[in-house]
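The values are calculated or read from the model by the stated rules, or taken from the named source; none is laboratory data. None of these values were measured; they are calculated from a predicted model. All Cβ positions, even for glycine, are placed from backbone atoms using ideal geometry, and neighbour counts span all protein chains on display.
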Amino acid sequence: MRENAISCIGCGRCSLVCGRDIAIPEYFRLYNEYAGGAQVSEEGKSAYREAANGRGLASDCIYCGSCESRCPQRIEVTLWLMRVAEAFE
Ligand code: SF4
Ligand code: SF4
């Protein structure tokens, strides 16, 4: 795994409690796949738009913190969502 990759196992516990319906595990998977270099490719951005499809964007996070207490990997979800938003939006 890359040093700046997110150690998400895709369990989905975070998105179950997210009031903004943010597709967290899907966005983290895309981040690991596409956001390694300086720029995210058009293909990556298009995959992000497809994953969002009516759901909350990474930038819709209100930092309530509900998701982070559920994460078995103790991922700082809010911090990574900021990075996802910077990379893909
Ligand atoms: S911190 Fe953000 S991603 Fe986590 S539950 Fe709250 S709104 Fe959703
Ligand atoms: S709870 Fe943690 S490990 Fe599970 S999908 Fe969310 S971020 Fe990934």
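To keep it simple, each residue is scored yes or no on (1) within 10 Å of ligand 1 (Cβ to nearest atom); (2) at pLDDT 95 or above; (3) not small (Gly, Ala, Ser).
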residue	(1), (2), (3)
Asn4	no, no, yes
Ser7	no, yes, no
Cys11	no, yes, yes
Glu26	no, yes, yes
Val40	no, no, yes
Glu50	no, yes, yes
Glu68	yes, yes, yes
Arg74	no, yes, yes
Ala85	no, yes, no
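Residues in region 15-30 that are closer than 15 Å to Met82 by Cα and either more than 11 Å from ligand 2 (Cβ to nearest atom) or more than 10 Å from the chain's Cα centre (by Cα) (or both): Arg20, Leu30.
A quick yes/no check of all residues on (1) more than 18 Å from Glu86 (Cα to Cα); (2) crowded, with 18+ Cβ neighbours inside 10 Å:
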site: Asn4; (1), (2): no, no
site: Cys8; (1), (2): yes, yes
site: Asn32; (1), (2): no, no
site: Gln39; (1), (2): no, no
site: Gly56; (1), (2): no, yes
